[in-house]
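A.B. asks: First the structure, which I've put down as structure tokens, then a few questions once you've had a look.
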Amino acid sequence: MQTISRWLALIAAALAALPALPAAAEEKTPEAPAAKAAPAAEPVHPALWKIADEDTTIYLFGTIHALPARIDWLEGPVAAAFEESGELVTEIVREGPAEMQTLVFDKATLPEGETLRGLLSDEQKAQYEAALAALGMPAQAFDR
């Protein structure tokens with residue numbers, strides 16, 4: 001059990017060390033059309049983390065549920081991680097859609113009378129509401 005706890009702590013520390021997502025780009029005034037080449041698109045790669053010590057290596061793979069047909073995600077480091085792994089552990093849903101909806105609602109909602117915004121500080125609540133407003137989404141829709 002100590003080994004599992006140690007690995008979970010290591011995983012949490014590794015994920016916490018990841019850089020924060022960049023802030024939303026500032027709104028800019030449109031520039032006059034110019035004859036500039038479009039920037040090259042960056043390659044698309046799924047999230048993959050490697051956590052290791054002297055005798056154990058764990059790969060955490062951020063699965064992708066829907067990709068355009070042109071994306072070959074099982075290549076490079078991801079293919080190598082799958083090839084090197086002795087065991088694959090996945091999250092597989094065995095329930096049907098109706099049972100899954102009930103399960104998600106039971107596990108992913110707050111108790112009656114409790115709201116997400118009620119759990120936030122004033123500063124966090126303002127940031128949260130502003131982010132949802134920028135997406136055109138009502139904050140009350142996510143309260144439970």
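The values are calculated or read from the model by the stated rules, or taken from the named source; none is laboratory data. From a predicted model like this one, the values you see are computed outputs, not experimental measurements. Here Cβ is always computed from backbone atoms with ideal geometry, including for glycine, and neighbour counts include all displayed protein chains.
A.B. asks: Quick check on region 132-144: of everything there that is outside any helix (DSSP H, G or I) and of a type outside the set (A, V, I, L, M, F, W, C), which residue is surrounded by the fewest Cβ atoms within 10 Å (Cβ to Cβ)?
C.D. replies: Looking at the filtered set, the residue picked out is 136.
A.B. asks: Output the number of residues of region 67-101 satisfying the condition of being surrounded by fewer than 11 Cβ atoms within 10 Å (Cβ to Cβ) and hydroxyl-bearing (Ser, Thr, Tyr).
C.D. replies: Within region 67-101, residues that are surrounded by fewer than 11 Cβ atoms within 10 Å (Cβ to Cβ) and hydroxyl-bearing (Ser, Thr, Tyr) number 1.
A.B. asks: Filter the helices (runs of 4 or more DSSP H) completely within region 13-131 down to those with at least 3 residues that are closer than 30 Å to residue 144 by Cα and either out of contact with any helix residue (DSSP H, G or I) (no Cβ under 9 Å at 6 or more places or on another chain) or at pLDDT 80 or above (or both).
C.D. replies: Counting at least 3 such residues, we get 97-108, 116-119.
A.B. asks: Out of the residues in region 72-89 meeting the condition of being without any contact (Cβ under 8 Å) to a residue 24 or more places away in the chain and of a type in the set (A, V, I, L, M), tell me which one is farthest from residue 59 (Cα to Cα).
C.D. replies: 74
A.B. asks: Restrict the check to region 76-96 and report whether at least one residue is more than 21 Å from the chain's Cα centre (by Cα) and farther than 30 Å from residue 49 by Cα.
C.D. replies: yes
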